[in-house]
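Student: I'd like to ask you about the structure that follows.
The values are calculated or read from the model by the stated rules, or taken from the named source; none is laboratory data. For clarity, every value in this text was computed on a predicted model and none was experimentally measured. Positions of Cβ are generated from backbone atoms using ideal geometry, with glycine treated the same way; all protein chains shown enter the neighbour counts.
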Amino acid sequence: MLTLTDISKTFYAGTPNEVRALQGVNLKIEQGSFVVVIGTNGSGKSTLLNAVAGAFFVDEGRIELADHDVTRWPEHRRAVHIGRVFQNPFTGTAPNLSIAENLALAERRGQFRGLGWALKRRSIDELREKVKEMGLGMEDRLNNPIGSLSGGQRQSLTLLMAGLRRPDLLLLDEHTAALDPKSADQVIRLTENMIAKNKLTTMMVTHSMQQAASLGDRLIMMVRGQIMFDFQGPAKARLTPESILHKFEEVRRLERLDKPAAEQLRRVYV
Amino acid sequence: MTLLIGSLTMGMILALLAFGVLISFRILAFRDLTVDGSIALGGSVAAALIVNGFSPLAATAIAAVCGGIAGAITGVLATRFRINGLLAGILVMTALYSVNLRVMGRSNIPLMNQKTVLSPIQALAGVDDRLTLGLWTAQTQDLYTLITIVLATIAVAVTLTLYFRTQLGLAMRAAGDNIDMIRALGVDVGWMTTLGLALSNSLVALAGALLVQYQGFADVQMGIGMVVWGFASVIIGESLVRGRNVGLLIGGAIMGSVLFRLLVAIALRGGLNPNDLKLVTALFVLGALVLPDVMARLKSRNVKSRNAASR
């Protein structure tokens, strides 16, 4: 489904601010897999997601998505295959457009946009059904501008929009981090339902150990622009928030050592 | 009465300019200064073609297309070459000044004795025909001209409103509202901006083409300050309609343009030196931009002091 081969990205190369955000990442994600990505700040987890989404081109390596080599595809072209929800609840929706208009835009994600009506009565009815299914009581406010909604509501709608036209890959970038606990729970529940119902291939970056332990069928931990741990199947199922925290401790200990020693330890422990 | 009809006609022609500014400044959130150049381009092209024997209708259409090309160039400069949008507009506007001189071959072209798009309508009445409406008497020709322009502007307004309800038009609005969102939904924002600027400047050039045919001459200086003029109309329109609905904003732009033109006519009649017109316009726009903010600040200060007093 998604194959990353040896991708690297360095920001501000050759300056004192040089950041080697991705250092030869290899990752293969199977169809229908739900991968949780964790890591410390600056470990490159969001960069990894952005590399897949096409926010920038990688310096080295190949990105294959749904049988296409998308390495040199610009962001908007990759959108044919990718649905996204961002950390900032305001990023995913257009505030001055109505709920219905936002949904209509998402309905044609990656498709040609011509002079056909954006909102047809039939499609509005369908959209209303989908909004109703979310159970947030927004189905009667389809003509209100999205800017009048709360962050949680906007994020729920962004999620709905990302999945409206079934994406080959769903990218969630800490999409509950900016929400209050109650809204975050709600959005996570919607996320789980949507992914399970449509069997979506998903990559989700999160800071929450709780989410990392309870969601998904695979967990990868990024450290210094590389994938440090990769738990799949039963190993992932056994993870608890505590055991993940423990892994972070381990990483911190490793980071105090110099590089060759760390490499050796890694070989022994992982 | 002649003054009133004249200002109404001018206001309705310049409403097309206001539509263009509405699209670039408000819908695309792109501060496009090409406008000053493209309105004169529209006028120059239309005038040059008419004196060279083109049919006025074809000349007007070609003028609009030329304006579209000018807007597209600004769009390409800003999106593909990543030049600051303001600067891209200034570059094209500056270049257009020379282009316009080239197109006309001199700095102005009179169209007094030429056939224009308005000639067939004006020919429906004699030169000296008068029409009496209650207390007022008006020249029939002027009235016919006004009606034609009103119908044409309304037709453009309706078309635009419908356009912004299509998939393409909605994507264009979204591109001005939230770039990240619309890019993630598969829209090439650079292309959308370029297309929007082309649309905007073709409307501006159309305004220029109609303007020269209405006033009977084209002048290379006619574009100076026009972007501020269009912006003033948009601001007045917004305060009149209140709302984010595109149809309302477009309707507001018409009202704003006509109202502004009337205000100008009254001011000129009341003794305003025409040389001061641009200064007054600029001050007016400045006031319109700053006042709401000042009012809000005064209001919050009042609320604060009242809260302080009640404590």
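Student: Check B:N113 against each of (1) more than 14 Å from B:L41 (Cβ to Cβ); (2) within 22 Å of the chain's Cα centre (by Cα) and name the one condition it does not meet.
Tutor: Every condition holds for B:N113 apart from (2).
Student: Can I ask one more? Which ones in segment B:240-282 are within 14 Å of another protein chain (Cβ to nearest Cβ) and under 15 Å from the mean Cα position of the chain (by Cα)? I'd like the intermediate steps shown before the answer.
Tutor: Kept after step one, since they are within 14 Å of another protein chain (Cβ to nearest Cβ), are these residues of segment B:240-282: B:242-249.
The one that is within 14 Å of another protein chain (Cβ to nearest Cβ) and under 15 Å from the mean Cα position of the chain (by Cα): B:L249.
Student: With respect to B:T166, determine if the residue is among the polar types (S, T, N, Q), within 13 Å of chain A (Cβ to nearest Cβ) and without any contact (Cβ under 8 Å) to a residue 24 or more places away in the chain.
Tutor: Details: among the polar types (S, T, N, Q): yes; within 13 Å of chain A (Cβ to nearest Cβ): yes; without any contact (Cβ under 8 Å) to a residue 24 or more places away in the chain: yes.
Yes: the conditions hold for B:T166.
Student: Would you check which residues across segment A:165-207 are of a type in the set (G, A, S) and surrounded by fewer than 18 Cβ atoms within 10 Å (Cβ to Cβ) and list them?
Tutor: As a first pass, look at segment A:165-207 and keep what is of a type in the set (G, A, S): A:177-178, A:183-184, A:196.
A:A177, A:A178, A:A196 - these are the residues of segment A:165-207 that are of a type in the set (G, A, S) and surrounded by fewer than 18 Cβ atoms within 10 Å (Cβ to Cβ).
Student: Now, a different point. Take B:L286 and decide whether it is over 26 Å from B:A40 (Cα atoms), of a type outside the set (F, W, Y) and assigned to a helix (DSSP H, G or I).
Tutor: Numbers: over 26 Å from B:A40 (Cα atoms): no; of a type outside the set (F, W, Y): yes; assigned to a helix (DSSP H, G or I): yes.
Considered against the rule, which asks whether it is over 26 Å from B:A40 (Cα atoms), of a type outside the set (F, W, Y) and assigned to a helix (DSSP H, G or I), B:L286 comes out as no.
For (1) charged (D, E, K, R); (2) away from every other protein chain (no Cβ under 14 Å); (3) touching a residue at least 12 places away in the same chain (Cβ under 8 Å), each residue gets a yes or a no:
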site: B:A174; (1), (2), (3): no, no, yes
site: B:G223; (1), (2), (3): no, yes, yes
site: B:W229; (1), (2), (3): no, yes, yes
site: B:A232; (1), (2), (3): no, yes, yes
site: B:E238; (1), (2), (3): yes, no, yes
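Student: Check A:F11, A:F56 and return the single one that is among the hydrophobic types (A, V, I, L, M, F, W, C), in contact with a helix residue (DSSP H, G or I) (Cβ under 7 Å, 6 or more places away or on another chain) and either surrounded by fewer than 18 Cβ atoms within 10 Å (Cβ to Cβ) or closer than 28 Å to A:L215 by Cα (or both). Spell out the reasoning first.
Tutor: Numbers: A:F11 fails: in contact with a helix residue (DSSP H, G or I) (Cβ under 7 Å, 6 or more places away or on another chain).
Just one listed residue meets the conditions, A:F56.
Student: Residue by residue through segment B:243-275, note down the ones that are in a helix (DSSP H, G or I), of a type outside the set (A, V, I, L, M, F, W, C) and surrounded by 12 or more Cβ atoms within 10 Å (Cβ to Cβ).
Tutor: Step one: of segment B:243-275, the residues in a helix (DSSP H, G or I) are B:246-269, B:274-275.
In the following step, the residues that additionally are of a type outside the set (A, V, I, L, M, F, W, C) were identified as B:247, B:251-252, B:256-257, B:261, B:269, B:274-275.
Once the filter is applied, which keeps residues that are in a helix (DSSP H, G or I), of a type outside the set (A, V, I, L, M, F, W, C) and surrounded by 12 or more Cβ atoms within 10 Å (Cβ to Cβ), segment B:243-275 yields B:G247, B:G251, B:G252, B:G256, B:S257, B:R261.
Student: Find the residue count for segment B:70-104, including only residues that are more than 22 Å from B:Q221 (Cβ to Cβ) and among the β-branched types (V, I, T).
Tutor: 3
Student: Moving to a separate point now. Take the residues of segment A:120-147 that are among the charged types (D, E, K, R) and more than 27 Å from the chain's Cα centre (by Cα): which is nearest to the other protein chains (Cβ to nearest Cβ)? Before the answer, list the steps.
Tutor: As a first pass, look at segment A:120-147 and keep what is among the charged types (D, E, K, R): A:120-122, A:125-126, A:128-130, A:132-133, A:139-141.
Next cut, more than 27 Å from the chain's Cα centre (by Cα) only: A:120-122, A:125, A:140-141.
On the way: A:K120: 10, A:R121: 13, A:R122: 15, A:D125: 17, A:D140: 19, A:R141: 15 Å.
Looking at residues that are among the charged types (D, E, K, R) and more than 27 Å from the chain's Cα centre (by Cα), I get A:K120.
Student: Now for a different question. Kindly indicate whether A:V58 is away from every other protein chain (no Cβ under 14 Å), closer than 26 Å to A:F11 by Cα and aliphatic (A, V, I, L, M). Break it down into steps so the answer makes sense when it comes.
Tutor: Details: away from every other protein chain (no Cβ under 14 Å): yes; closer than 26 Å to A:F11 by Cα: yes; aliphatic (A, V, I, L, M): yes.
Considered against the rule, which asks whether it is away from every other protein chain (no Cβ under 14 Å), closer than 26 Å to A:F11 by Cα and aliphatic (A, V, I, L, M), A:V58 comes out as yes.
Student: Keeping to segment B:126-161, report how many residues are within 14 Å of another protein chain (Cβ to nearest Cβ) and either crowded, with 17+ Cβ neighbours inside 10 Å or touching a Phe, Trp or Tyr at 6+ places or on another chain (Cβ under 9 Å) (or both).
Tutor: Applying the first criterion (within 14 Å of another protein chain (Cβ to nearest Cβ)) to segment B:126-161 yields B:159-161.
Applying the additional criterion that residues be either crowded, with 17+ Cβ neighbours inside 10 Å or touching a Phe, Trp or Tyr at 6+ places or on another chain (Cβ under 9 Å) (or both) yields B:160-161.
Qualifying residue count, segment B:126-161: 2.
Student: Out of segment B:1-29, which residues are outside any helix (DSSP H, G or I) and crowded, with 21+ Cβ neighbours inside 10 Å? Steps first, please.
Tutor: Kept after step one, since they are outside any helix (DSSP H, G or I), are these residues of segment B:1-29: B:1, B:28-29.
Correct list: B:L28 only.
Student: So which of B:V234, B:V294 is at pLDDT below 90 and more than 15 Å from B:M10 (Cβ to Cβ)?
Tutor: B:V294
Here's the yes/no breakdown for (1) over 30 Å from B:G190 (Cβ atoms); (2) outside any helix (DSSP H, G or I):
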residue	(1), (2)
B:I62	no, no
B:V99	no, no
B:V117	yes, yes
B:I121	yes, no
B:Q141	yes, no
B:L146	yes, no
B:A155	yes, no
B:L160	no, no
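Student: Just a yes or no: is a residue in segment A:68-80 away from chain B (no Cβ under 14 Å), at pLDDT below 95 and farther than 26 Å from B:G243 by Cβ?
Tutor: If we filter segment A:68-80 for residues that are away from chain B (no Cβ under 14 Å), which is where we start, we get A:68-69, A:71-72.
Among the residues that remain, those that are also at pLDDT below 95 are: none.
Within segment A:68-80, not a single residue is away from chain B (no Cβ under 14 Å), at pLDDT below 95 and farther than 26 Å from B:G243 by Cβ.
Student: I'd like the full set of residues that are small (G, A, S) and in a loop (DSSP other than H, G, I, E, B), limited to segment B:123-139.
Tutor: Going through segment B:123-139, the residues small (G, A, S) turn out to be B:123, B:125-126, B:134, B:138.
Within segment B:123-139, B:A123, B:A125, B:G126, B:G134 qualify.
Student: Looking only at segment B:176-196, how many residues end up being surrounded by fewer than 22 Cβ atoms within 10 Å (Cβ to Cβ), part of a helix (DSSP H, G or I), within 9 Å of chain A (Cβ to nearest Cβ) and without any contact (Cβ under 8 Å) to a residue 24 or more places away in the chain?
Tutor: Residues meeting the conditions: 1.
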